[in-house]
1. Could you count how many residues in the range 29-73 are out of contact with any strand residue (DSSP E or B) (no Cβ under 9 Å at 6 or more places or on another chain) and of a type in the set (Lys, Arg)?
2. So which of Ile52, Ile77 is at pLDDT 95 or above and under 27 Å from His416 (Cβ atoms)?
3. Within the group Leu205, Leu261, Leu247, which residue is outside any loop (DSSP other than H, G, I, E, B) and buried (at least 20 other Cβ atoms within 10 Å of the Cβ)?
4. Condition test on Asp269, is it more than 23 Å from Gly323 (Cβ to Cβ) and modelled with pLDDT under 95?
5. So is Gly87 in contact with an Asp or Glu (Cβ under 9 Å, 6 or more places away or on another chain), closer than 24 Å to Ser136 by Cα and assigned by TED's automatic domain parsing to the domain that holds Ala231 or not?
6. Need pairs with beta-carbon distance below 7 Å; first residue farther than 22 Å from Gly254 by Cβ and within the range 389-412, second acidic (Asp, Glu); sequence gap 6+ or separate chains.
7. Looking at the range 43-58 only, could you name the residues that are in a loop (DSSP other than H, G, I, E, B) and either of a type in the set (A, V, I, L, M) or surrounded by fewer than 24 Cβ atoms within 10 Å (Cβ to Cβ) (or both)?
8. Check the range 269-276 and report whether any residue there is over 30 Å from Ile154 (Cα atoms) and among the basic types (Lys, Arg).
Amino acid sequence: MQVIISPSKLSGTVYAAASKSSMQRACAASLVAGGETILQNPGHSNDDLAAIGVIKALGARVQPLEDGSIKIISKGIRPDGDAVHCGESGLGIRMFAPVIAMSENPITIYGEGSLLNRPMDFFDQVFPQLGVEIHSNQGKLPLQVKGPLQPKNIEIDGSLSSQFLTGLLIAYSSSHATDVRIRVNDLKSRPYVDLTLKIMRDFGLTVPENKNYQEFYFPAAGHQSSSNQSARIYRVEGDWSGGAFLLVAGAIAGEIRVRGLDIHSTQADKAIMQALQAANASMIINEDEIQIGPGSLKAFEFDATDCPDLFPPLVSLAAYCQGTTHIKGVGRLAHKESNRGLTLQEEFARMGVKISLQDDMMLVEGKTALRSSVVHSRHDHRIAMACAVAGLGAKGEITIEEADAVNKSYPDFYVHLQSLGAKVDIEHSPLRTH
């Protein structure tokens, strides 16, 4: 699919999409907590649908409800086959693998797209220490695991992603772990761990003691929720990751209102608000909506080490800020859907934006307007959205090839931009080569 973004003036109100970080964790918690769960405001991105597919393969029943919610009925992990497919979700594979490994049946875990090239060495190193047999494709997918996982004192590396830890925390909790510790070295993305712990608490799972993010201790006497309780109701949060692009769009192209984002959320990408304030965007923050519009945008400094998914919208913002913006945390970008540091540098160069990469720092030289060009998503949802938002203030059309990459996390993205007055031409034509 090809999308053409023309210079636009935005106005109006838009509701943020459901958070896939919240949705996928809620699916996992619904499975292991057992009983009935009503998920309100469920997401329908590719990653969300993959998470639903995983819990169904592990024995849960999922029923759509008339109001758009879904009901999940679970009796715990009872796989009905020998294979699980995680789609292209990095969170899905890293979070669900420890949960899948709780089964004593051998199960093969598959993925697709960029996930096939992401390193999975973590499981080869850690699972044998927990009594899990594992066979991988030289540290990559597919993985075959055979449990049951046995919670033990363990030490892991948290420098690549917090998603591995999320999976272990959920698996340990649902295994009734007692008097065991998970020690973590150099943990990144701490806010995502906070989100995991909050959802575990919301679902009545045993929540470990968090000792300065260096150790997570499951005490000798824990409490596990009963699967016989009445249906729990959980509302999936609005997505700050996708919402960040909407907010940056407002800062670039016109005053808008964004609703559905919880300003008290533990989502890491809520930090976009700090960057927008530092860039001098015009903002009014209310409990139920954020009003944002262009200000006299200036270069800013921002540490994205704990929120690396913000790099794409930050670059779109920095492209219109006077001066050179410094963004720290480039080292977190190598193992995303694309190597986002290099991808942002190359694709934004097509629009006339100079980006320099210096060790762990990205430098973005701002401009008053970007030039008309043809860019490519690199099959990365956030690159597609970053180019679309940047195109709103360009001198001419920005054509995005393979633009349907947004379906991974935000399938309604282009429709939402159109609802705000953006000139978005969606062409379902034969794809060009890059």
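1. Result for the range 29-73: 0.
2. Of Ile52, Ile77, the one residue that is at pLDDT 95 or above and under 27 Å from His416 (Cβ atoms) is Ile52.
3. Every option except Leu247 fails the conditions.
4. no
5. Yes, satisfied.
6. Ala405/Asp380; Lys408/Asp47; Lys408/Glu88; Ser409/Asp47
7. Once the filter is applied, which keeps residues that are in a loop (DSSP other than H, G, I, E, B) and either of a type in the set (A, V, I, L, M) or surrounded by fewer than 24 Cβ atoms within 10 Å (Cβ to Cβ) (or both), the range 43-58 yields His44, Leu58.
8. Looking through the range 269-276, at least one residue is over 30 Å from Ile154 (Cα atoms) and among the basic types (Lys, Arg).
The values are calculated or read from the model by the stated rules, or taken from the named source; none is laboratory data. Please read these numbers as outputs of a predicted model, since none were measured by experiment. Using ideal geometry, Cβ is built from the backbone for each residue, glycine included, and neighbour counts are taken over all protein chains shown.
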